[in-house]
Amino acid sequence: MGAEQSEFVLEARGLTKSFAGFLAVNDVSLRVRRGSIHALIGPNGAGKTTVFNLLTKFHRPTKGDIFFEGRNITSLTPAEVASLGLVRSFQISAVFPSLTVLENVRFALQRQLGTSFYFWRSDRSLHCLHDQARQLIDAVNLTRWLDVPAGELPYGRKRALELATTLALEPRVMLLDEPMAGMGREDIQVIAALIKRLAENRTVLMVEHNLSVVASLSDCITVLRRGQILAEGPYSVVSQDPEVMEAYLGKGDESRD
Ligand SMILES: Nc1ncnc2c1ncn2[C@@H]1O[C@H](COP(=O)(O)OP(=O)(O)O)[C@@H](O)[C@H]1O
Ligand SMILES: [Mg+2]
């Protein structure tokens with residue numbers, strides 16, 4: 001089918017999710033271009049996290065289909081889609097607080113590279129693992145924090161560590177749910193630069209509230225409201241859309257986080 005070459009790496013068609021009759025996601029069709037940074041934005045309660053949960057199979061859609069690299073993944077499990085390379089960044093709680101930065105990343109690598117215990121016992125493989133971990137840690141600017149227990153890291157560094165452990169899974173598509181949540185301005189700049197770098201050889205789909213981050217990072221933005229797509233396109237277009245302006249700046253019962 002030539003799926004590997006297709007322009008869109010991830011596609012949702014008519015995604016719908018209802019919770020006890022409440023339509024949290026209503027007929028959302030979304031295409032994520034290979035190699036792009038694609039942002040999903042929208043007021044609180046718009047359905048962003050639910051879309052993420054659907055794409056990564058944590059929820060089963062009420063209706064609709066999901067395609068990854070041209071393959072219908074609608075009925076796969078979260079672990080199966082992760083092993084295909086569609087990886088959601090874990091929440092902070094998935095980082096082990098008593099393990100150091102290095103140990104956390106090494107553990108994530110070990111998990112990814114399989115369970116061949118004997119392989120990992122050999123000195124050479126341990127070495128190789130160590131080098132890989134160092135590289136990942138360096139990529140997220142955490143070298144200075146190498147031996148610090150994750151639980152003692154400042155907030156922004158924890159998020160960076162979370163990115164490193166996600167990268168250890170070698171994602172082709174990385175899904176980030178509010179990577180900047182709770183961060184101060186300095187951390188935001190660091191993480192934004194990081195995401196830009198990570199996106200050089202992979203695709204990123206992220207939910208993010210910080211509009212200036214979204215504006216500077218994203219190639220394409222999908223705006224959700226009340227479970228539906230309100231607008232889509234580059235920031236220059238989307239930000240001029242009167243309905244988007246209203247959803248963000250205007251009245252209504254919804255507010256941004
Ligand atoms: N597991 C659930 N059960 C019932 N309602 C839910 C559930 N998850 C989300 N919702 C509802 O679906 C809507 C969309 O939620 P969510 O996807 O978390 O929005 P967002 O991430 O954009 O803030 C909200 O009204 C929320 O209350
Ligand atoms: Mg959310």
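Figures for the structure shown
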| quantity | calculated |
| --- | --- |
| Cα centroid separation, region 168-236 to region 143-160 (Å) | 22 |
| Local electrostatic count at GLU11 - Lys and Arg +1, Asp and Glu -1, tallied over other residues with Cβ under 12 Å | +2 |
| Positive minus negative residues near GLY64 (Lys, Arg vs Asp, Glu; Cβ under 14 Å) | +3 |
| Cα centre as origin, Lys/Arg/Asp/Glu Cβ charges: the chain dipole, Debye | 420 |
| Residues whose placed amide H lies under 5 Å from that of ARG225, excluding near-sequence neighbours | LEU230 |
| Helix 123-139 vs. the chain, principal-axis angle (Cα, 0 to 90°, nearest 10) | 40 |
| Over the chain, relative contact order from alpha-carbon pairs under 8 Å, at least 6 apart, % | 27 |
| Phi-based couplings in Hz for region 225-230 (Karplus 6.51, -1.76, 1.60; Gly and Pro marked x) | 8, 6, x, 10, 7, 9 |
| Candidates per GluC sites (Glu not before Pro) in region 1-58, loop by DSSP, up to 15 other Cβ within 10 Å | GLU7 |
| Nearest-ten-degree value, helix 155-167 long axis tilted from longest Cα axis of the chain | 80 |
| Reciprocal of mean inverse Cα separation for the chain (Kirkwood radius, Å) | 19.1 |
| Helix axis angle, 101-112 relative to the chain longest principal axis, alpha carbon, degrees | 80 |
| Radius 14 Å from Cβ of ARG31, net charge of other residues (Lys, Arg +1; Asp, Glu -1) | -3 |
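Throughout, read-outs are computed from the coordinates displayed, never taken from laboratory work. Because the structure is a prediction, the values reported are computed rather than measured. Neighbour counts are summed over all protein chains in view; Cβ atoms, including those assigned to glycine, are modelled from backbone coordinates with ideal geometry.
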